[in-house]
Amino acid sequence: MLEIIFFLMVIFIFALFSRKLENNSITSQMFLVFTGLIAGLLFFTRFDFQDSFPYILIVAELALVLVLFSDASRIGLSYTIKEHELTLRLLGVGMPLSIFAGVFLAIFLFTELSIWEAAILGVVLVPTDAALGESVFDNKKLPSKLKKALEIESGLNDGLAVPFLVLFIAWSVAEETFQPVTFFVITALQQILFSVIVGLIFGLGGGWLLLKSRQKNWITSKYLKIGLLTLAVASWLLTDQIGGSGFIAAFVGGLSAGYLLKDMANYYTDLTATEGNILVMAMFFLLGILLIQYYPYITLNVIIYSILSLTLIRIVPVALSLTGIGTNWRSKLFMGWFGPRGLASIVLILIALEEQPAFPGENTMLVTVLCTVLISVFAHGISANTLSNLYARWIKNNPNT
């Protein structure tokens, strides 16, 4: 209980000084991770991660469901396919290359991990979190096309990573239990298919009903927000009950509802900016606490991999994916760097550990994700304003490049 009270007071204190802190490049994520570290030191003997895991998982899953549905609903899928070659290249070429690079380096650096554990680690650290570099998107001097590409990439890659995670978990379970791999993979593919179907039913069906209600002026703006929220949570819960992935359902539901509702889906954003944001903040606070508990597992290889995940594993695939369309090297470097890791990585590794609690390398996997997000929170939070201004100045001085 003391940890919860401490967390709520931390949010209140940040709220009091939020403008002043953010003007000095201190983001909410940085503040929460730092205070989480303090809480970890103060309440180390009181907090038991294993006992609290079921409750933590509910908060983590709900936070990600809200983010997945909200981001997907605001994407504008048809517009993205037609107008955003940058985003399609980042997702279609850059993301698979990043997964491959992450898996390869995990196998090389962590000899204690199996191939499938390394694969899970590689997938979990692929999703980006645009919120960690918020000042980049607030900078009006930067090209809107570039900002939109990064924003859409962040909104889609977490949802696209989940099917890979489901398959790799299924494969790892088969390896650990000495069962036929084919059975588990087919089961995983069925789970993915069920999840997509449920997402489409809730997104298209529920979205159509909300649209008609709005057109007939039967629904208020407040209840349109609540209606979208219930679609997100219901699709997640139902899919989990039938053995599918609630994240895939929420993601597909958000995409399909956003396709129908178009601009009206932005009402949902206001909801996740308050209620949903508290859940997200809780996960960054938890990150600090967990780092204190798991610091004995932080090795040199963990730190090296975390740094490589944010640099080489991200930047090189991005640069390769943008080759051949006239993107200069500074733009490639800028877009490669601003792929911070955050909420999705934390939640997905917790999901992986819940689905397969017998991972021999679970401590290595968990602490690597935590370290990567920790470094990202501070590195991207501190550099976002400075680097975006430098890049904007370079664009202004070199308009034809």
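Can you find, among Leu229, Gly276, Thr87, the residue farthest towards the positive end of the dipole of the chain? Put +1 on the C-beta of Lys and Arg, -1 on that of Asp and Glu.
Farthest towards the positive pole: Thr87.
How high is the relative contact order of the chain? Use alpha-carbon pairs under 8 Å, at least six apart in sequence, and give a whole percent.
Working: 555 pairs, mean separation 119.3, N = 401.
Contact order relative to length: 30 percent.
From the P(r) of the chain, can you give the percent of Cα pairs sitting at distances over 27 Å?
Working: 40273 of 80200 pairs.
Distances greater than 27 Å cover 50 percent of the Cα pairs.
Given the C-alpha centroids of the stretch 185-239 and the stretch 337-401, what is the distance between them in whole angstrom?
29 Å
State which entries of Lys148/Lys222; Lys145/Lys216; Lys140/Lys212; Lys148/Lys396; Lys145/Lys262; Lys141/Lys216 exceed 30 angstrom in Cα-Cα distance in the structure shown. Mind showing how you got there, number by number?
Numbers: Lys148/Lys222 27 Å; Lys145/Lys216 35 Å; Lys140/Lys212 36 Å; Lys148/Lys396 19 Å; Lys145/Lys262 19 Å; Lys141/Lys216 41 Å.
Over 30 Å Cα-Cα: Lys145/Lys216; Lys140/Lys212; Lys141/Lys216.
Given the options Ser388, Ile304, Leu348, identify the residue whose Cα lies farthest towards the positive end of the charge dipole of the stretch 302-401 (+1 on Cβ of Lys, Arg; -1 on Cβ of Asp, Glu).
Ser388
At 0.36 nm per residue, and after removing the present C-alpha to C-alpha distance, how many nm does the segment from Tyr295 to Leu390 gain when stretched out fully?
Details: separation 95, 0.36 × 95 = 34.20 nm, distance 3.56 nm.
Extending this stretch completely gives an extra 30.6 nm.
Determine, for Tyr305, Tyr297, Tyr55, Tyr259, the number of other Cβ atoms within 10 Å of each Cβ, and report the residues in order from fewest to most.
Working: Tyr305 24, Tyr297 16, Tyr55 9, Tyr259 19.
Neighbour counts put them in this order, fewest first: Tyr55, Tyr297, Tyr259, Tyr305.
To the nearest 20 debye, what charge dipole does the chain have about its Cα centre, counting +1 at the Cβ of each Lys and Arg and -1 at the Cβ of each Asp and Glu? Before the final figure, lay out each step's value.
Working: 23 positive and 25 negative charges, 394 e Å.
Dipole size: approximately 1900 debye.
Where is the GNM fluctuation largest for the chain (alpha-carbon springs, 10 angstrom cutoff): Asn328, Asn217, Asn277?
Residue with maximal mean-square fluctuation among Asn328, Asn217, Asn277: Asn217.
Largest first and to the nearest Å, give the Cα extent of the stretch 1-68 along each principal axis.
Taking the Cα atoms of the stretch 1-68, the three principal extents are 39, 33, 16 Å.
If you consider only alpha-carbon coordinates, what radius of gyration and Dmax does the stretch 322-376 have, in Å?
In Å, with Rg to one decimal and Dmax whole: 16.0, 48.
Averaged across orientations, what area in nm² does the convex hull of the alpha carbons in the stretch 97-191 project? Please report the intermediate quantities before stating the final value.
Values: hull surface 30.6 nm².
One quarter of the hull surface, i.e. the mean projection, equals 7.6 nm².
Determine the dipole magnitude for the stretch 91-162: charges of +1 sit on the beta-carbon of Lys and Arg, -1 on that of Asp and Glu, nothing else is charged, the reference point is the Cα centre, and the result goes in debye to the nearest 20.
Values: 5 positive and 8 negative charges, 96 e Å.
Charge dipole of the stretch 91-162: 460 debye, to the nearest 20.
Report, in order of residue number, the helices in the chain meeting two criteria: a C-alpha extent of 15 Å or more along the helix axis, and a mean Kyte-Doolittle hydropathy of at least -0.5; treat each whole DSSP H run as one helix.
Working: long enough: 2-16 (21 Å, 3.00); 28-42 (21 Å, 1.83); 49-75 (38 Å, 1.30); 95-109 (21 Å, 2.38); 144-177 (50 Å, 0.53); 181-200 (29 Å, 2.12); 221-241 (30 Å, 0.70); 246-261 (21 Å, 1.71); 277-294 (25 Å, 2.18); 300-310 (16 Å, 2.06); 343-355 (18 Å, 2.21); 362-397 (49 Å, 0.69).
TM-like helix candidates: 2-16, 28-42, 49-75, 95-109, 144-177, 181-200, 221-241, 246-261, 277-294, 300-310, 343-355, 362-397.
Laboratory data are not the source of any read-out in this text; all were calculated from the coordinates shown. Remember, predicted model here, so these are calculated numbers, not experimental data. A quick note on method: Cβ atoms are made from the backbone with ideal geometry, for glycine too, and the neighbour counts reach across all protein chains shown.
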